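Notes to accompany the following structure.
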Amino acid sequence: MIEKLKAKITSAKETRSRVLNNVDIKAPYFWLSTWFGSGLIIPASGTWGTLFSMPLVIALYLLGGASALIIGAIVVFLIGLWSAHQFEKHSKEHDSSMIVIDETSGILIAAATINGSALSFVLAFLLFRFFDALKPWPIKWLDRHVSGAFGVMIDDILAGIFTAAIIWGIYSYV
């Protein structure tokens, strides 16, 4: 198991090195698509991207609750479409693990039904990571069949919706 993890990390490092030679690391699309560099962390760049998105989740929640989170998710989604497209165009790689702005948009949606307690923020994070990593149907189908920047973004949007629905259900019946 340790050897598999080492091999996976080595492969990720080689891929990152190759991709980084093709992108402009000074360009705004690079820093936005990698959510300010968090997508460069190995392993589990999606988890790191989600974790680095949590300050935005907390700030938007405190500023305006669910409405601010949804507006933020839409804005980040639109920025993500542009930045992911630019990243893919320059790197020649679809859905690079370095692109984590999709996690940011997804976790903003996931947190839209929380109650503001510390536990609800943690629950949103854990459930979102569960759905994003496991990719149950139809998330997996979207991940495999939708190309381009929209394909990069849409599976995380659906993972966020699944998470928000479960949290809403929990807090509606507890």
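None of the figures in this text is laboratory data; all of them are computed from the coordinates on show. Here the structure is a predicted model, which means the values were calculated and not measured. Please note: Cβ atoms are built from the backbone with ideal geometry, for glycine as well, and neighbour counts cover all protein chains shown.
Below, the figures for the structure above:
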item	result
Separation of the N115 and I25 label points, Cα + 7 Å toward Cβ, nm	4.5 nm
Test item: Cα-centred dipole of the range 2-173, Lys/Arg +1 and Asp/Glu -1 on Cβ, debye	360 debye
³J(HN,Hα) computed for each position of the range 119-134 - Karplus, 6.51 cos²θ - 1.76 cosθ + 1.60, integer Hz, glycine/proline x	4, 5, 5, 5, 4, 4, 4, 5, 5, 4, 4, 4, 5, 5, 7, 6
Sequence-distant lysines (8 or more away, or on other chains) whose Cα lies within less than 23 Å of K8	K92, K135, K140
Relative packing of peptides 120-128, 107-115 - highest average C-beta neighbours within 10 Å first	107-115, 120-128
For the range 85-92, 3J(HN,Hα) per residue [Karplus equation, 6.51 cos²θ - 1.76 cosθ + 1.60, θ = phi - 60°, Hz, x = Gly/Pro]	4, 4, 4, 5, 4, 7, 7, 6
For the chain, alpha-carbon Rg and Dmax in angstrom	15.9, 51
Relative contact order computed over the chain (Cα-Cα under 8 Å; 6+ residues apart), in percent	24 percent
